[in-house]
Amino acid sequence: MSELTKNVQPLQDFDWDQYENGSSANVSKEELDKAYNETLNKVSEHQVVEGTVISVDKKEVVVNIGYKSDGIIPASEFRYNPELKAGDVVEVYVENAEDKKGQLVLSHKKARMSKSWERVNAALEAQEIIQGYIKCRTKGGMIVDVFGIEAFLPGSQIDVHPIRDYDQFVGKTMEFKVVKINQEFRNVVVSHKALIEAELEAQKQEIIGKLEKGQILEGVVKNITSYGVFVDLGGVDGLIHITDLSWGRVDDPHKVVELDQKINVVILDFDEEKKRIALGLKQLTPHPWDALDADLKVGDHVKGKVVVIADYGAFVEIQPGVEGLIHVSEMSWSQHLRSAQEFLKVGEEIEAVILTLDRDERKMSLGIKQLKEDPWEAIEVKYPVGSKHAARVRNFTNFGVFVELEEGVDGLIHISDLSWTKKVKHPSEFTQVGAEIDVIVLDIDKENRRLSLGHKQLEDNPWDVFEEKYTVGSIHEGKIIEMLEKGAVVALDENVEGFATPKHLVKEDGSQAAKDEVLPFKVIEFNKDSKRIILSHSRTFEDPQREEKKAAAKKTRAPKNDTPKIENVAASTTLGDIDVLAQLKAQMEKGE
């Protein structure tokens, strides 16, 4: 036994059971717990209290609220305050005084949320500048953490300049102003641009107050749109309309300037009240018409590019800022109404002839048909009367067919000159638009630029042959192809047609002939000049019957016993002879 313990004696009255139960000196465990708890703050769950930051690292923030254990809060809840450090007093929300592990559970975010709406409304009312943490991008702008509330920062409210890279702002803490609150949906809109607009407004007023028309300033291209270019003149913006970028036509401003490019511009106009400034870029260079070749004159050939096409014509740029109009009527020698799109297309490089030139009015008209010879100049040589050609049908009228022999050379085939034999009611029965048709030139009207053409004249006149074949009294087989009110059209051989009136369509049994019937017809009239053949079916059986009757009548004239005998017929006729003849005639008529 050592010197330290040899004289130590156990207490005779020590209560080992009480010691094992965690209490001593005759004090119960409950009393000790009570005494200990009274030394700590009373903490109620689901309330907001203040705490002191004990430590801060990348993941956690430890906060002491005077309770028996400290609370641990994720560092992400303090992203809005990157300056947070140990010793700072913060508000926390007590979620649980003691979880399963005996740990105090706190939330700084919920503490902020419970008071955030009051603070946000106060900031809006007082126009207070507040801090917010930009969490992420969203459609049309950014999401900003303000007092624990997710507020919306529109893209147009980030800066006075258009933002081209939104991602550069994610993760940044910036100053904002609350510009709008929707209490019903608890939506908050903030702006960073509003902080600098007041300063810019004074700067704008100062700049606009010094502006003069015609003044040349240096600016930076701030934004490019389809209608023009916005230029920053050092705190105030001006617009160069697309028509003032270049003397030539501009379809895309990006082809003239670039973003952030420094350019000189001239002040064309400005409105102090609306703070609108109209700028010009092309006005810094001479007008191209003033530099146009002085020797250029009417009749000269020029080359250029088609820049605009309309139905009535095309604008051709022969040099930047100098354009001429080619009217559609100057694109082809043809007189048919057509659209300019059928001849030219935008961007096409062409050659043209100057038709008119007005330097004072800065106008020029051009033509491309003049590059080819006018086909009517020597029409008699290429298309003499009697010459045969192939043409293309363009359109119809009731009286004929309009055809085109070549571009600019048109002609008319009269309906009566389509066929020798077929009765054409409308040209569409004979041909169709776009079809080729052979023609012969009958007449030339050079003044009106028209040719009279024929188609049937390519063949001999068959009516010379018909005159011999379809003689009056001849019988031919025919087919009824059309029934009309006044009669029927009958098709004969050689593609020739005749006509029969209703009374000549009566058949032998008394019925009327119908369409598509094939019957014999007798020619009762033939007119070569009017090309008319009149036919009759009924005469094919009526005439033979009539002949039979005549033959029967002749028999009745033969001598009979009771018939007075006539002698010396060759002798001179007497009055008695006349009486006998009259009596014979009466008897014959009675017999009939």
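For the peptides 539-546, 262-269, residues were scored by their other Cβ atoms within 10 Å and the scores averaged per peptide; the highest-first order is 262-269, 539-546. Look at the alpha carbon pairs under 8 Å that are at least 6 residues apart: their mean separation over the length of the range 468-558 gives a relative contact order of 28 percent. Extension gain, LYS210 to ASN121: 0.36 nm times the residue separation minus the Cα-Cα distance gives 28.0 nm.
Grouping the Cα pair distances of the range 382-509 into 10 Å bins from zero gives a pair-distance distribution of 11, 35, 27, 18, 8, 1, 0 percent in increasing distance order. Subtracting the Cα-Cα distance of SER55 and ASN461 from their residue separation scaled by 0.36 nm leaves 134.1 nm. In the chain, helical runs assigned H by DSSP with n ≥ 4 each contribute -39500 (n - 2.57); averaged across all residues and rounded to the nearest 500, the mean residue ellipticity at 222 nm is -5000 deg cm²/dmol.
For ARG450, nonlocal amide neighbours, meaning residues 5 or more places apart or on other chains whose placed amide H falls under 5 Å from its own, are ASP445.
Phi angles of the range 364-373 translate, via the Karplus equation with coefficients 6.51, -1.76, 1.60 and θ = phi - 60°, into HN-Hα couplings of 8, 10, 10, x, 10, 5, 5, 6, 10, 6 Hz per residue; Gly and Pro are given as x. Our note on the geometry: Cα centres of the range 456-529 and the range 349-365, 66 Å apart. Determine which residues of the range 313-347 fall in the zone a paramagnetic label at THR397 would reach in this model, i.e. backbone nitrogen under 19 Å from the point 7 Å along Cα→Cβ. Under cut-off, by backbone N: 334-338.
Sparse packing (at most 15 other Cβ atoms within 10 Å of the Cβ) combined with a DSSP loop state is found for the following GluC sites (Glu not before Pro) in the range 185-239: GLU212. Between LYS262 and GLN203, the FRET efficiency estimated from the beta carbon spacing at R0 = 22 angstrom works out to 0.70.
Amide hydrogen proximity for LYS363: with H placed 1.01 Å from N in the peptide plane, the residues at 5 or more positions away or on another chain lying under 5 Å are ASP358. What the chain shows is 62 Å² of accessible area per residue, with the surface traced by a 1.4 Å probe over protein heavy atoms. For mean projected area of the Cα convex hull in nm², the candidate list reads (1) 77.1; (2) 24.0; (3) 27.7; the entry that matches the value derived from this model is (1). The distance between label points at VAL518 and GLN47 comes to 12.1 nm (points 7 Å beyond Cα on the Cα→Cβ vector). Between LYS139 and LEU284, the FRET efficiency from the beta-carbon distance, with R0 = 45 Å, is close to 0.65. The label-point distance for GLU361 and ASP159, in a model that sets each label 7 Å from Cα toward Cβ, rounds to 5.1 nm.
What a 1.4 Å probe finds exposed on the chain is 49% carbon and sulfur by accessible area, rounded to a whole percent.
Karplus-based coupling profile of the range 426-433, in residue order and whole Hz: 9, x, 5, 6, 9, 8, 9, 4, with θ = phi - 60° in 6.51 cos²θ - 1.76 cosθ + 1.60 and x standing for Gly or Pro.
Across the chain, the mean sequence separation of Cα contacts (distance under 8 Å, 6 or more residues apart), normalised by length, yields a relative contact order of 5 percent. For the range 160-230, the set of chymotrypsin sites (Phe, Trp or Tyr not before Pro) satisfying both a DSSP loop assignment and a count of at most 12 other C-beta atoms within 10 Å is given as PHE185, TYR227.
For a quick check: with amide H placed at 1.01 Å from N, whose amide H comes under 5 Å from GLU98's, ignoring anything fewer than 5 positions away on the same chain? For GLU98, the qualifying residues are VAL105. The antiparallel fraction among DSSP beta bridges confined to the range 131-200 stands at about 95%. Each residue of the range 151-168 is assigned a 3J(HN,Hα), and the resulting list reads 9, 9, 10, x, x, 6, 9, 6, 8, 6, 9, x, 8, 9, 10, 6, 4, 5 Hz, derived from the Karplus form 6.51 cos²θ - 1.76 cosθ + 1.60 (θ = phi - 60°), x at Gly and Pro.
A Förster radius of 60 Å combined with the Cβ-Cβ distance from ILE72 to VAL307 puts the calculated FRET efficiency at roughly 0.25.
The values are calculated or read from the model by the stated rules, or taken from the named source; none is laboratory data. Note that this is a predicted model, so its numbers are computed, not measured. All Cβ positions, even for glycine, are placed from backbone atoms using ideal geometry, and neighbour counts span all protein chains on display. With ligands, DNA and RNA removed, areas are computed over all heavy atoms of the protein, side chains included. Shrake-Rupley method; radii C 1.70, N 1.55, O 1.52, S 1.80 Å.
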